[in-house]
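Participant: Below is one structure. I have some questions about it.
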Amino acid sequence: MNQDTKVLLNDGHRMPIIALGVWQSQEDTKKAVLDALKAGYRHIDTAFVYDNERAVGEAIRESGIPRNEIFVTTKLWNDDIRSYKIREALKTSLDNLGLDYVDLYLIHWPAEGYVEAYLEMEKLQKEGLIRSIGVSNFRKSHLENLLSQVHIIPSINQIETNPQMVDEETIQFCKENKIVVEAWSPLGSGACLSIPAIQILANKYHKSLAQVILRWLLQKGIVVLPKSIHENRIIENMNIFDFELTHEEMNLMNQLNQHKRTGPDPDCFNF
Ligand SMILES: NC(=O)c1ccc[n+]([C@@H]2O[C@H](COP(=O)([O-])OP(=O)(O)OC[C@H]3O[C@@H](n4cnc5c(N)ncnc54)[C@H](OP(=O)(O)O)[C@@H]3O)[C@@H](O)[C@H]2O)c1
């Protein structure tokens, strides 16, 4: 495993296993994306609702890196799912990003109408506007419902995953169906960066807590999307390919799970 490592998706595309997340990066988004691309990131995770797709697009163009070397994810917002404005929403995101396709388009939350939205995304994929299609915040029950009604198995399920929040049932279901899991809030939005057991591992490997957590997720086969607006942390979060947690240490990390969400519950959200 090295920093160029990509995972093969079930549709044949390859996706870098570490991305820069830009939720709440606000006016620092463009600089953060430029810093990340300079540091070697080739995968950016944004969403229509983050209100920073334009800044992501500007940074990509300014970086001078060829478009086909950067993997861009954005997400279909709930209002557009409920009002079935799938095509319009994708067009708006593409305009914002200044791109003619996205590498990955995700249903952001399992809002009412998600099956119909997904079926429309299948068409947009055939038209070449989306390379890979996926979902986010889907639990096993949502995935079972989706898979029984659509033609294409999603490539990705992006769910909250960090040391204190691991939905093993959903992760296992994804594995069985060749759906790659991406961890949002891999650091628990910062809340997991003071856990004593992780500090012990950080000391052993001369790494930060963030690096130990991200390494644990990668070793579990989960793609990570750490967010930072600080260049030193952006670089630090990528520098996780020169150590390996042992089987016992992986188990120790797994035991920290408390099923404690930092974000909303996909079974009862009200937005
Ligand atoms: N699909 C969804 O519904 C969904 C929901 C939430 C998030 N996401 C995605 O997941 C990404 C990451 O989630 P997140 O933003 O909630 O949280 P996160 O990546 O778990 O944590 C980000 C927080 O940790 C800090 N941080 C980052 N690296 C650090 C380091 N090396 N040392 C110390 N502190 C560090 C950041 O501060 P600074 O920025 O100040 O450095 C920020 O406060 C988002 O940006 C977004 O792309 C998706």
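Participant: Which one is farthest from TYR105 (Cα to Cα) among residues in region 27-60 that are within 10 Å of the ligand (Cβ to nearest atom) and surrounded by fewer than 23 Cβ atoms within 10 Å (Cβ to Cβ)?
Facilitator: Among those that are within 10 Å of the ligand (Cβ to nearest atom) and surrounded by fewer than 23 Cβ atoms within 10 Å (Cβ to Cβ), it is ASP28.
Participant: In addition: Of the numbered conditions (1) within 17 Å of LEU106 (Cα to Cα); (2) open to solvent by 10 Å² or more (accessible area, probe 1.4 Å); (3) of a type outside the set (D, E, K, R); (4) without any contact (Cβ under 8 Å) to a residue 60 or more places away in the chain, SER185 fails exactly one; give the number of that condition.
Facilitator: (4)
Participant: Kindly establish whether ILE179 is open to solvent by less than 20 Å² (accessible area, probe 1.4 Å) and touching a residue at least 40 places away in the same chain (Cβ under 8 Å). Walk me through how you get there before you give the answer.
Facilitator: Numbers: open to solvent by less than 20 Å² (accessible area, probe 1.4 Å): yes; touching a residue at least 40 places away in the same chain (Cβ under 8 Å): yes.
Against the criterion (open to solvent by less than 20 Å² (accessible area, probe 1.4 Å) and touching a residue at least 40 places away in the same chain (Cβ under 8 Å)), ILE179 qualifies.
Participant: Out of curiosity, is ARG131 more than 14 Å from the ligand (Cβ to nearest atom), touching a residue at least 60 places away in the same chain (Cβ under 8 Å) and outside any loop (DSSP other than H, G, I, E, B)?
Facilitator: Taking the combined requirement at face value, the residue satisfies it.
Participant: When you look at ILE195, is it of a type in the set (A, V, I, L, M, F, W, C), touching a residue at least 24 places away in the same chain (Cβ under 8 Å) and over 25 Å from PHE71 (Cβ atoms), yes or no?
Facilitator: Taking the combined requirement at face value, the residue satisfies it.
Residue-wise test of (1) out of contact with any strand residue (DSSP E or B) (no Cβ under 8 Å at 6 or more places or on another chain); (2) closer than 19 Å to VAL33 by Cα; (3) at pLDDT below 95.
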position	(1), (2), (3)
ILE65	yes, yes, no
THR73	no, yes, no
VAL102	no, yes, no
TYR114	no, no, no
TYR118	no, no, no
MET121	no, no, no
VAL135	no, no, no
ASN145	yes, no, no
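Participant: Would you call LEU99 within 15 Å of the ligand (Cβ to nearest atom) and touching a residue at least 40 places away in the same chain (Cβ under 8 Å)?
Facilitator: Taking the combined requirement at face value, the residue does not satisfy it.
Participant: Would you please list the contacts, defined by Cβ atoms under 7 Å and residues six or more apart or on different chains, that run from a residue in region 219-236 that is acidic (Asp, Glu) to a residue that is within 6 Å of the ligand (Cβ to nearest atom)?
Facilitator: What qualifies is GLU236/SER208; GLU236/ALA210.
Participant: Do the conditions hold for GLN149, that is, is it within 16 Å of the ligand (Cβ to nearest atom), more than 27 Å from LYS30 (Cα to Cα) and touching a helix residue (DSSP H, G or I) at 6+ places or on another chain (Cβ under 8 Å)?
Facilitator: On the way: within 16 Å of the ligand (Cβ to nearest atom): no; more than 27 Å from LYS30 (Cα to Cα): yes; touching a helix residue (DSSP H, G or I) at 6+ places or on another chain (Cβ under 8 Å): yes.
Considered against the rule, which asks whether it is within 16 Å of the ligand (Cβ to nearest atom), more than 27 Å from LYS30 (Cα to Cα) and touching a helix residue (DSSP H, G or I) at 6+ places or on another chain (Cβ under 8 Å), GLN149 comes out as no.
Participant: While we're on this one: From the list ILE171, ILE159, ILE153, which one is among the aliphatic types (A, V, I, L, M) and open to solvent by 60 Å² or more (accessible area, probe 1.4 Å)? If you could, list the steps in order and put the result at the bottom.
Facilitator: Values: ILE171 fails: open to solvent by 60 Å² or more (accessible area, probe 1.4 Å); ILE159 fails: open to solvent by 60 Å² or more (accessible area, probe 1.4 Å).
Selected residue: ILE153, the only one of ILE171, ILE159, ILE153 that is among the aliphatic types (A, V, I, L, M) and open to solvent by 60 Å² or more (accessible area, probe 1.4 Å).
The values are calculated or read from the model by the stated rules, or taken from the named source; none is laboratory data. If you're wondering where the values come from, they're calculated on a predicted model, not measured in any experiment. Methodologically, a virtual Cβ is constructed for each residue, glycine included, from the backbone with ideal geometry; neighbour enumeration extends over all protein chains shown. All accessible areas refer to the heavy atoms of the entire protein, side chains included, with ligands and DNA or RNA removed. Shrake-Rupley method; radii C 1.70, N 1.55, O 1.52, S 1.80 Å.
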